[in-house]
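Quick notes on the structure that follows.
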Amino acid sequence: MKVNESEKKSLSDAIDKLNEGLDVVIQLYNDAEKDKPLIEFELEVIEAIEKAKQTFGEEEITKRINTIIKEIFAFLPKDE
């Protein structure tokens, strides 16, 4: 492919920008942490939560689960 100086400069600039973008993607990949669940639910519990979400809605179930968990751990000392 034949290119003039202007086109060659444009292609060079485009390659530089692609390399910069690739460097950013590589850095994000390298810095990424494995997504680890806070707690491993049993399959039976997951199925019950999914069924409850379908019945009552995700927001309501999230609110209720959070309330239950807070109550369970209410005995822990408060951070001061």
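Quick rundown of the values:
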item: The stretch 43-60 residues that are in contact (Cβ under 8 Å) with a residue 24 or more places away in the chain, paired with ones that are open to solvent by 70 Å² or more (accessible area, probe 1.4 Å) (beta carbon under 9 Å, 6 or more apart); result: none
item: The stretch 63-73, residues that are within 22 Å of the chain's Cα centre (by Cα) and surrounded by 11 or more Cβ atoms within 10 Å (Cβ to Cβ); result: K63, I65
item: Flag if L11 is at pLDDT below 95, exposed (fewer than 10 other Cβ atoms within 10 Å of the Cβ) and in a helix (DSSP H, G or I); result: no
item: Those residues of the stretch 29-62 which are in a helix (DSSP H, G or I) and exposed (fewer than 12 other Cβ atoms within 10 Å of the Cβ), in sequence order; result: Y29, N30, D31, L43, E44, V45, I46, E47, K51, Q54, T55, E59
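The values are calculated or read from the model by the stated rules, or taken from the named source; none is laboratory data. In this text the structure is predicted, and so the values were computed from the model without any measurement. Here Cβ is always computed from backbone atoms with ideal geometry, including for glycine, and neighbour counts include all displayed protein chains. Remember, those area values only see protein heavy atoms, side chains included, never the ligands or the DNA or RNA. Shrake-Rupley method; radii C 1.70, N 1.55, O 1.52, S 1.80 Å.
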